Amino acid sequence: MVKVGLTGGIGAGKSEVSRLLASYGAVIVDADKIAREVVEPGTPGLASVIAEFGEDVLSADGTLDRPKLGAIVFSDPQKLQALNAIVHPLVGARSAELEAAAGPDAVVVHDVPLLTENGLAPLYDLVVVVDATPDTQLDRLVRLRGMAESEAKARMEAQASREKRLAIADLVIDNDGPLEDLEPQVRQVWQNLRDRTN
């Protein structure tokens with residue numbers, strides 16, 4: 001088994017790289033997806049979030065109002081730390097379960113947005129960073145995701161710098177250009193990862 005940490009700044013295109021790797025046969029352990037699962041209604045995770053942040057962070061249907069919670073935590077480092085202290089251990093436990101279920105010859109790709117910020121690089125055999133310039137990230141967030149520029153900048157500033165991410169990279173995928181430039185690079189990375197399982 002090869003354990004890969006996949007990361008990149010918001011808007012860098014990490015999700016697209018993850019999707020391509022899955023299409024080639026990688027087992028994807030998606031930290032964001034798991035982070036949503038562990039705070040679904042009825043979970044201990046959601047109960048802990050409500051205890052910390054109050055009922056105001058719930059939607060009318062009892063689910064977590066992620067945009068509202070995001071607005072609270074991304075403007076206050078201490079509140080973000082409090083949220084991470086609840087969610088990260090739950091995500092870690094579920095990720096370990098999914099990894100354990102993969103076969104011995106698997107390439108297990110942990111899709112982890114905050115890999116750099118949380119010092120998780122040593123947990124993986126190698127780290128793949130999807131890289132784009134801050135200008136490209138901002139453009140994608142505003143143009144493709146419809147974020148306000150101020151919100152996009154706040155999200156970017158809450159993450160590690162590009163330099164810090166690149167410093168932990170074993171492999172870098174340059175996603176500053178068009179989508180058609182991405183696929184050949186990801187295929188090459190996949191081949192590299194497969195070779196490591198032999």
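When the Cα gyration tensor is reduced to axis lengths a ≥ b ≥ c, the ratio a/c is 1.5 or higher for the range 27-84, and with a/b not above b/c it is classed as oblate. Assuming a ≥ b ≥ c are the square roots of the Cα gyration tensor eigenvalues, decide whether the range 121-196 counts as rounded (a/c under 1.5), prolate (otherwise, with a/b larger than b/c) or oblate. Oblate, since a/c reaches 1.5 and b/c is not below a/b.
For Val172 and Ser59 in the same chain, what is the full-extension length gain: residue separation times 0.36 nm, less their Cα-Cα distance, in nm? Spell out each step's value before the answer.
Numbers: separation 113, 0.36 × 113 = 40.68 nm, distance 3.88 nm.
Between Val172 and Ser59, full extension yields 36.8 nm more.
Counting residues in the chain as N, plug N into 2.2 N^0.38 Å and put the Cα Rg over that result.
In units of the globular-protein estimate, the chain measures up at 1.05.
Comparing Cα centroids, the range 64-111 and the range 122-198 end up 18 angstrom apart.
Please give the contour-minus-distance gain from Gln78 to Asp125: 0.36 nm per residue of separation, less the Cα-Cα distance, rounded to one decimal in nm. Walk me through the numbers before you get to the answer.
Working: separation 47, 0.36 × 47 = 16.92 nm, distance 3.12 nm.
Taking Gln78 through Asp125 to full extension adds about 13.8 nm, to one decimal.
Per-residue 3J(HN,Hα) values for the range 118-135, derived from phi via the Karplus relation 6.51 cos²θ - 1.76 cosθ + 1.60 with θ = phi - 60°, read 9, x, 8, 3, x, 6, 10, 5, 7, 10, 10, 10, 8, 10, 8, 5, x, 4 Hz in sequence order (x marks Gly and Pro).
Projected onto the charge dipole of the chain (+1 at Lys/Arg Cβ, -1 at Asp/Glu Cβ, origin at the Cα centre), which of Pro67, Gly42, Gly54 gives the Cα projection farthest towards the positive end? Farthest towards the positive end: Gly42. Dipole check for the chain: with +1 at the C-beta of Lys and Arg, -1 at the C-beta of Asp and Glu, and the Cα centre as origin, the magnitude is about 120 Debye.
Determine the shape class of the range 64-173: with a ≥ b ≥ c the square roots of the Cα gyration tensor eigenvalues, call it rounded for a/c under 1.5, and otherwise prolate if a/b is greater than b/c, oblate otherwise. Oblate. Only DSSP H runs of four or more residues enter the estimate; each adds -39500 (n - 2.57), and after division by the residues of the chain the mean residue ellipticity at 222 nm equals -15500 deg cm²/dmol. The calculated FRET efficiency for the pair Lys68 and Asn198, based on their C-beta separation and a Förster distance of 35 Å, comes to about 0.15.
Using only Cα atoms, find the angle between the long axis of helix 14-24 and the longest principal axis of the chain, and express it within 0 to 90 degrees, rounded to the nearest 10. Rounded to the nearest ten degrees, it is 50.
With N residues in the range 1-111, what two-decimal value do you get for its Cα radius of gyration over 2.2 N^0.38 Å? Before the final figure, lay out each step's value.
Details: Rg = 15.6 Å, N = 111, 2.2 N^0.38 = 13.2 Å.
Cα Rg divided by the expected 2.2 N^0.38 Å: 1.19.
Share of the chain's accessible area from carbon and sulfur, percent, 1.4 Å? Intermediate results must be reported in sequence, preceding the final value.
Values: 5330 of 10320 Å².
Here it works out to 52 percent.
On full extension of the chain, what length is gained from Leu179 through Ala85, given 0.36 nm per residue of separation minus the C-alpha to C-alpha distance? Can you show the working numbers first?
Values: separation 94, 0.36 × 94 = 33.84 nm, distance 3.55 nm.
Here the segment from Leu179 to Ala85 would lengthen by 30.3 nm.
Mind checking the angle between helix 182-197 and the chain's longest principal axis? C-alpha axes, 0 to 90 degrees, to the nearest 10. Value to nearest ten degrees: 80.
Shape index of the range 74-130: Rg/Rh, with Rg the Cα radius of gyration and Rh the Kirkwood radius from the inverse mean 1/r over Cα pairs, equals 1.02. A Gaussian network model of the chain, with springs between Cα atoms under 10 Å, assigns the largest mean-square fluctuation among Ala101, Ala132, Ala35 to Ala101.
The values are calculated or read from the model by the stated rules, or taken from the named source; none is laboratory data. All values derive from a computational prediction rather than experimental measurement. Reconstructed Cβ throughout: ideal geometry from the backbone, glycine too, with neighbour counts over all protein chains shown. For accessibility, only protein heavy atoms count, side chains too; no ligands or nucleic acids. Shrake-Rupley method; radii C 1.70, N 1.55, O 1.52, S 1.80 Å.
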